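Worksheet: the structure to be examined is printed underneath.
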Amino acid sequence: MKNIVILGSTGSIGTQTLEVLKDLSGFNVFGLAAGSNKEMLKEQILKHRPKFAALANQEAAFALAQEVDIPVLSDVDGLCELACHEEVDIVVVSIVGSAGLRPTLEALKAGKKIALANKETLVSAGHLVMEYADQIVPIDSEHSALWQCLEGRNKEEVSKLILTASGGPFRNYKGSLEDVTIEQALNHPSWKMGGKITIDSATLMNKGLEVIEAHWFFGTDYDDIEVIIHPQSIVHSLVRFVDGSLIAQLGTTDMRLPIQYALTYPDIRTSIVPELRLEQLGALTFESPDFDRFPCLNLAYQAGRIGGITPTVLNAANEVAVAGFMGGKIGFMDIPRIVEKCLADHEKLDSPSLEEILAIDQETRVKAQEFVDTGRMIRS
Ligand code: MG
């Protein structure tokens with residue numbers, strides 16, 4: 001029996017992980033942790049009967065502790081304690097944002113296997129976590145696909161990693177992206193995901209962050225990581241080998257598949273997800289991304305190539321800008337503008353420590369928030 005802890009159990013990946021675990025033998029829900037969603041966590045506790053729970057929000061944790069019969073840990077310390085508990089085998093890190101950094105690093109140091117869905121961990125701290133590369137498996141569909149395509153291959157055989165992107169809701173949008181609404185941006189054509197990542201898919205920043213993740217996961221140069229638009233989201237990514245041929249991984253557009261594979265690896269097990277039937281799809285299409293219309297993709301490549309602290313700045317500025325857009329304060333195209341402004345005047349720093357990462361992350365957020373507060377003024 002493998003004991004699982006889910007950090008971020010109330011989010012999109014967390015809830016889907018619980019769905020997978022419900023029908024998966026050999027796994028036990030040991031601990032559930034969330035940010036502040038006390039009511040939903042309580043429901044999950046009653047349904048899945050973990051031994052421990054944790055909430056990052058202290059007040060919510062104290063309140064929950066009165067209502068359930070298991071220990072409720074609190075704060076980031078509580079999340080770390082839960083992730084590092086000696087009985088834990090696998091930690092699913094599906095927490096959104098930089099709050100996932102410290103618990104992930106501590107769990108790795110404690111020898112835990114990490115099923116990673118938190119982007120910040122690799123984007124900001126890739127150089128720190130990849131010391132523990134053999135303990136980390138990806139959940140993100142693209143990285144799971146690349147990982148499966150690369151299985152058993154040598155580095156010398158590989159020519160390019162090719163990440164697929166759906167292109168988001170604005171792939172064929174004819175009007176100006178300056179004035180698109182939040183509702184339009186949230187209307188993702190193929191994936192059902194949380195709000196922040198859905199906006200990131202619309203700007204292509206999500207793909208940019210995934211390029212940086214792929215760089216760390218697979219130790220691949222940025223010149224050898226490509227992005228291709230594939231609106232059907234059936235081919236989850238591809239590897240080009242030195243002979244020019246491609247190996248692709250295809251699957252139903254459902255995160256429960258890569259989540260399950262991350263847990264059962266190296267075994268493939270039966271799934272609750274409907275099987276992929278190619279004859280029902282008709283056509284799979286591919287096109288090059290439009291770097292001019294979607295500047296976030298370029299910004300991410302640039303930040304990744306600079307490396308060090310720069311991807312942290314990219315990510316923090318983007319998170320604040322996306323929240324500003326979702327709050328109706330800025331326009332869609334202000335997101336890349338704010339990111340660009342924050343990147344333009346940050347101080348470069350190689351191999352930052354966790355403390356430096358968290359400090360610069362915070363500093364960048366303050367700066368980006370100032371840009372957000374000035375609203376739609378920042379047209380270049
Ligand atoms: Mg993805």
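The values are calculated or read from the model by the stated rules, or taken from the named source; none is laboratory data. Just so you know, these numbers come straight off a predicted model, no measurement behind them. Backbone-built Cβ (ideal geometry, glycine too); neighbour counts: all protein chains shown. Only protein heavy atoms, including side chains, enter the accessible area calculation; ligands, DNA and RNA are left aside. Shrake-Rupley method; radii C 1.70, N 1.55, O 1.52, S 1.80 Å.
When you scan region 63-73, do you find a residue that is within 16 Å of the ligand (Cβ to nearest atom), aliphatic (A, V, I, L, M) and outside the structural domain of residue 365 (by TED's automatic domain parsing), even just one? Within region 63-73, not a single residue is within 16 Å of the ligand (Cβ to nearest atom), aliphatic (A, V, I, L, M) and outside the structural domain of residue 365 (by TED's automatic domain parsing).
Cβ separations smaller than 6 Å between residues 6+ apart or across chains give the following pairs from region 212-236 residues that are farther than 30 Å from residue 282 by Cβ to residues that are hydrophobic (A, V, I, L, M, F, W, C): 212/123; 213/122; 216/122; 216/130; 220/161. Against the list (1) under 11 Å from the mean Cα position of the chain (by Cα); (2) surrounded by fewer than 24 Cβ atoms within 10 Å (Cβ to Cβ), the condition residue 111 fails is (1).
Determine which member of the set 93, 20 is at pLDDT 95 or above, over 30 Å from residue 317 (Cβ atoms) and crowded, with 16+ Cβ neighbours inside 10 Å.
On the way: 93 fails: over 30 Å from residue 317 (Cβ atoms).
Just a single option satisfies the conditions, and that option is 20.
For region 41-133, the helices (runs of 4 or more DSSP H) that sit wholly inside it and include 2 or more residues that are β-branched (Val, Ile, Thr) and under 24 Å from residue 205 (Cβ atoms) are 119-129. Inspect all residues belonging to region 47-58 and state whether any of them is surrounded by fewer than 20 Cβ atoms within 10 Å (Cβ to Cβ) and among the aliphatic types (A, V, I, L, M). No: region 47-58 contains no residue that is surrounded by fewer than 20 Cβ atoms within 10 Å (Cβ to Cβ) and among the aliphatic types (A, V, I, L, M). If you go through region 146-189 and keep only what is among the aliphatic types (A, V, I, L, M), open to solvent by 30 Å² or more (accessible area, probe 1.4 Å) and modelled with pLDDT under 95, you end up with 182, 186.
The residue list 282, 208, 251 contains one member that is farther than 21 Å from residue 151 by Cβ, open to solvent by less than 10 Å² (accessible area, probe 1.4 Å) and out of contact with any Ser or Thr (no Cβ under 6 Å at 6 or more places or on another chain), which is 208. So is residue 8 at positive phi and open to solvent by less than 40 Å² (accessible area, probe 1.4 Å) or not? So residue 8 passes the test.
Residues that are in contact with a helix residue (DSSP H, G or I) (Cβ under 8 Å, 6 or more places away or on another chain), more than 11 Å from the ligand (Cβ to nearest atom) and not β-branched (Val, Ile, Thr) within region 185-212 comprise 185, 186, 188, 192, 194, 195, 196, 202, 204, 205, 208, listed in sequence order.
Residue pairs whose Cβ atoms lie under 7 Å apart, separated by 6 or more positions or on different chains, with the first residue in region 240-256 and in the same structural domain as residue 151 (by TED's automatic domain parsing) and part of a strand (DSSP E or B) and the second of a type in the set (Ser, Thr, Tyr) and surrounded by fewer than 17 Cβ atoms within 10 Å (Cβ to Cβ), are 240/159; 241/159.
Taking the options 321, 344, name whichever one is open to solvent by less than 70 Å² (accessible area, probe 1.4 Å) and small (Gly, Ala, Ser). Explain how you work it out, then say what you get.
Working: 344 fails: open to solvent by less than 70 Å² (accessible area, probe 1.4 Å).
From the options 321, 344, the qualifying one is 321.
Residues that are touching a strand residue (DSSP E or B) at 6+ places or on another chain (Cβ under 6 Å) and either more than 14 Å from the ligand (Cβ to nearest atom) or not acidic (Asp, Glu) (or both) do not occur anywhere in region 119-132.
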